[in-house]
Structure formats: C-alpha cells, structure tokens
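Scroll down for the structure; my scribbles are underneath it.
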Protein chains: 2
Amino acid sequence: MGEHLLRCDSCAVRHRSVCGALTRPEIERLNAIAHTKNLPPGHIILRDNEKPGYFANIISGVVKLTKSLGDGRQQIVGLQFASDFLGRPFRDFSPYHAESVTEVQLCTFEKTQFERLTKDFRDLEHRLFEHTLDELDAAQEWMLLLGRKSAEEKVASFLLMVARRMQSVGCKHSGGPTRFDLPLARAEIADFLGLTIETVSRQFTRLKVDKYISLEGSRTIIVLDMERLRALSERSDG
Amino acid sequence: MGEHLLRCDSCAVRHRSVCGALTRPEIERLNAIAHTKNLPPGHIILRDNEKPGYFANIISGVVKLTKSLGDGRQQIVGLQFASDFLGRPFRDFSPYHAESVTEVQLCTFEKTQFERLTKDFRDLEHRLFEHTLDELDAAQEWMLLLGRKSAEEKVASFLLMVARRMQSVGCKHSGGPTRFDLPLARAEIADFLGLTIETVSRQFTRLKVDKYISLEGSRTIIVLDMERLRALSERSDG
DNA sequence: TTCGTTTGTTGATCTTCATCAACGTCCATG
DNA sequence: CATGGACGTTGATGAAGATCAACAAACGAA
C-alpha cells in the first residue's frame, strides 16, 4: 500500500466520523470498500424490519429514522446529520425505517465486508460503540421531551437541537441572532415531537409573536436570543 | 490461577450478563475485582451528572433510570432488570439518575479497574456494545410509545413489557392467564409512560372492567389474554 | 388498637392539544 | 396564464388527559 491520495483524505467528515480512529493502512482498506452515493430527498435508505445491505457514513445532508404503528401513526426516533453513522452493526434486521429528508451524500460500505473490518480493527468497533452511546444519550434526552414537555417547550427544544447540529452560520457562543434553515417540513417536525402539523405551526407563530424567533419563508429560522430560547425549552422559568 | 470455584460460577445471571462472553482466565480476573452489594428499594445508585464510582451487573431486582426538568417533572428513560449492565462505560458523567425500585442485588466493579479489563478483553467490550444496542432499541421503541400512543395503549404496552422482562410464572407461549407482580408503584408507572398517576389508575380500572386483566391488591397483575392485550397495545384493531 | 402516612382510586372541572375545515401561498405543468 | 397539488397557516370545536379535591385502603409505629 503506497502513499497515494485516497478519497478519504479529502473527506469533509474524515475526523468526526467513525473513520477518525483509523491508522493509514486501516483507512486504505476501508477506502477500498467504500462507495459514495448521492440521494435525493425522500429516498428510502432502509426499510423497517428488513435486512440492510450496507452501512454508511453521512457526508452531508440529513436522514430521519422513523417507526410507525399499524394504523399509520409515525414517530421519528432519530435524526442523523453529517458525520453520523447509519445502520446497526451486528443486527440482522433494521429496527427502523431510514429515509433522506434533504439531498444526502453517503459513503457506503457493503455489510459483510464492513463487519469483517470491524473484527480486524478494534478501534473501528470502539468508535462505533462511542457513536451508539451518543445515540442512546440523544434518545433518552428525547424521551424526556416526548413524555414531559409542553408543545411550546418541544418546539423550542427542537430548534435548539437543529441549531446546534446544523453548525449554523453566525453561531455566536450565546446571545445574538442565529440563522439557519430547517431540514424538516412541518409534518416531519410534528412526527419528531409527537405533535400534529397544526400544533407545530401554531407554536411557530407563537414563538414569532413572542419575539423568540423570526422567519424567512417557512424554512429559514432566525433565533433572536438563543439563551432566552434555551430557557423556554426547559421552563425552569418563563 | 487454579481451578477452584468462583463466586461467578454460581451466579444466577452468569451467562445472560456481559460476563457471559468471558473465558476462564478472564472470568477469574473479573471475579477478583467484583463485589456484591445489596440495596433496599429507593437507594440512589447514581446521580445525574455525577461521576460514577463503579459499574454493576444487576443480579436481581429492578433499577430505574430517570431524567428530570428543573421544575420537578420526571421521566423514566430506562428500566433495568436482572442481567442488565448498569453504568455508561467510557463516559465520565452519568446522563441520568439511577435508583433501585425493589430490593436489588448488584455485582459491582470499580470503574477504572473495570475499564482496564475492557481494554484487555475485547469480548467484554463487544458484549457491552451489544447490550448498549439493546438499550437503544428499547429507547427508540419507547419514543414511539411516548410520542404516539394513547394512555390505554401505553399502559397495555407497559404491562406487556414487564410481563416479558419479569419472566413471569405460568408464561404460556400466548393466550391463557399470566400472573406477575409489578415492580413499580403507580407514580413510577406514570413517570415511565409520560402520564399522571390518576390517568394510570383510571386505565388500570378500565383494563379490569374490559376483562383484559384482573388485579390482586394493586401490585399483582393477572393478564387474562396476552394476545388480546398485545392487540390493544398497538390498536391496529380494537 | 389507634393514629398518621403513604399509596391508590374516583369524581368534577379545566387545559392543552387533536381534529375538522377553510383558506392562502408557492411551484410545477399543461 | 390558468390549474392542480403540496405545504403551511388559521379558526372553530371536541376529546384526551391534567389538575384539583375528596376519600379509601394498606401499613408501620406509637
């Protein structure tokens, strides 16, 4: 294996993703089984309860993980952003449905080849483990939201989460306006928060009226005071 | 290291817990750092946001993991039963509060000693990983419940979950009555389901009136028809 | 036993959010 | 330019569950 440049060397998420732990020879072997894939919004990546064919790193874009009840009620159980890892290692069937919500660029690895690599490279498995712990933290934080927060707190929490994960432009440490685009439509936000479309819409106008945010179109959010929004999201005070 | 008997050899959860993967010499080293601990109900095992001192396997009893908002609202984000592993490896601060809900017997391992062992024994880390994946599955399943199920469906789902995890006596494959004791009080069930005590109580009487279950005292449940209860828990039909 | 505390049940009422319905806006397409 | 569809907002009404309150049952301690 030589010193020539790999695709991985110019990868935007090289160090934040699970690949970050790999040594040069390791990254070369991983590079050899990697294929990038571009998906339009709404592309189904993984079907609930089906055998996944590949794993993937998200290079850019947003993917939603959903579960649903027999009668069509749906809940988003995870949102994955750039540098997140997609797929459940060591599981034969997907416990959720995965679908792109924006244009998405993936770096995919065929399932069995990738699993062989996790056996060979202990750091890779460890990194996957760490990532899974992060997902678990996020899931449990969201359980608190779903079980115990009001609609207003839910929407505020959602905006904070997206602002943080979208690495929005002009993200001051705190205070001062921050602008970013929502990756999700109202219906998806509702599925994420356990609310209806109408309630989400009403809460947006409420936040607007109360000067927490302002809107440009329906997708662009300007948070006027991040700290005040954070306070609202947990209502220790008002 | 000889062939003498270890405490682990007579452990009730030896093979279901994370220890199940270990070879003889490995289990001997683990045994050397293990201490059993008996806790009464209501004992605080881990405080939210504090440094944990030890990890533990649950040998018997039930432990609840909770998160709360500033104003006292609380949500149970995990329930751990016999053979479950307690504590977040590779994390310095606990993301939740952990407390025994019944009498609990733990097999504890001092944190740094145990982490050294996970470095030495790859299978141990792998087993922890698998356990974390199970926790994540459970958390996401519960997000669907919290976000999208009605109070009645929530309580039905809860009973099914407990019946499954408590390895209840007379657990026919399906159909036929099944009896078990609830490990949680009404207030804890409410915190688990994102409801109030009153609503939980009302749903219990509803299930009783509708002949899904019968009660002996407030803790002993007899599920009259498991399959019918399962149908109710997802209301694809009535 | 009796008292007091904790836990659970039930009823009356109120609040929040869902549901149903109408309408507006933005695009894509013929 | 009209037409239709997807998406978002707003209003009127209803239902599920929260809240407030009273009481019952279980249990431990004096």
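Values for this structure:
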| read-out | value |
| --- | --- |
| Some residue of the stretch B:23-33 being at pLDDT 95 or above, part of a strand (DSSP E or B) and not assigned by TED's automatic domain parsing to the domain that holds B:Ala185 | no |
| When residues of the stretch A:180-231 are limited to those that are under 16 Å from A:Ser157 (Cβ atoms) and within 9 Å of DNA strand C (Cβ to nearest atom), the one most open to solvent (accessible area, probe 1.4 Å) | A:Thr199 |
| Restricting the stretch B:54-70 to residues that are without any contact (Cβ under 8 Å) to a residue 40 or more places away in the chain and not in a strand (DSSP E or B), the residue that is nearest to the other protein chains (Cβ to nearest Cβ) | B:Gly70 |
| Residue list for the stretch B:7-22, filter: part of a loop (DSSP other than H, G, I, E, B), closer than 14 Å to B:Ala82 by Cβ and in contact with a helix residue (DSSP H, G or I) (Cβ under 7 Å, 6 or more places away or on another chain) | B:Arg14 |
| Selection count where residues are of a type in the set (Asp, Glu) and not in a helix (DSSP H, G or I), scope the stretch A:181-220 | 3 |
| Residue check for A:Ser60: polar (S, T, N, Q) and open to solvent by 20 Å² or more (accessible area, probe 1.4 Å) | yes |
| Test: residue in the stretch B:71-93 that is facing chain A (nearest Cβ under 8 Å), without any contact (Cβ under 8 Å) to a residue 12 or more places away in the chain, surrounded by fewer than 21 Cβ atoms within 10 Å (Cβ to Cβ) and over 30 Å from A:Gly87 (Cβ atoms) | yes |
| Count - residues of the stretch B:103-136 that are surrounded by 18 or more Cβ atoms within 10 Å (Cβ to Cβ), of a type in the set (S, T, N, Q) and not in a strand (DSSP E or B) | 2 |
| A:Tyr54 being in contact with a helix residue (DSSP H, G or I) (Cβ under 8 Å, 6 or more places away or on another chain) and within 21 Å of A:Asp123 (Cα to Cα) | yes |
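The values are calculated or read from the model by the stated rules, or taken from the named source; none is laboratory data. Note that the coordinates shown come from a computational prediction; the quantities given were computed from them, not determined experimentally. Cβ: placed from backbone, ideal geometry, glycine included. Neighbour counts: every protein chain shown. In case anyone asks, the SASA skips ligands and DNA or RNA and just uses the protein heavy atoms, side chains included. Shrake-Rupley method; radii C 1.70, N 1.55, O 1.52, S 1.80 Å.
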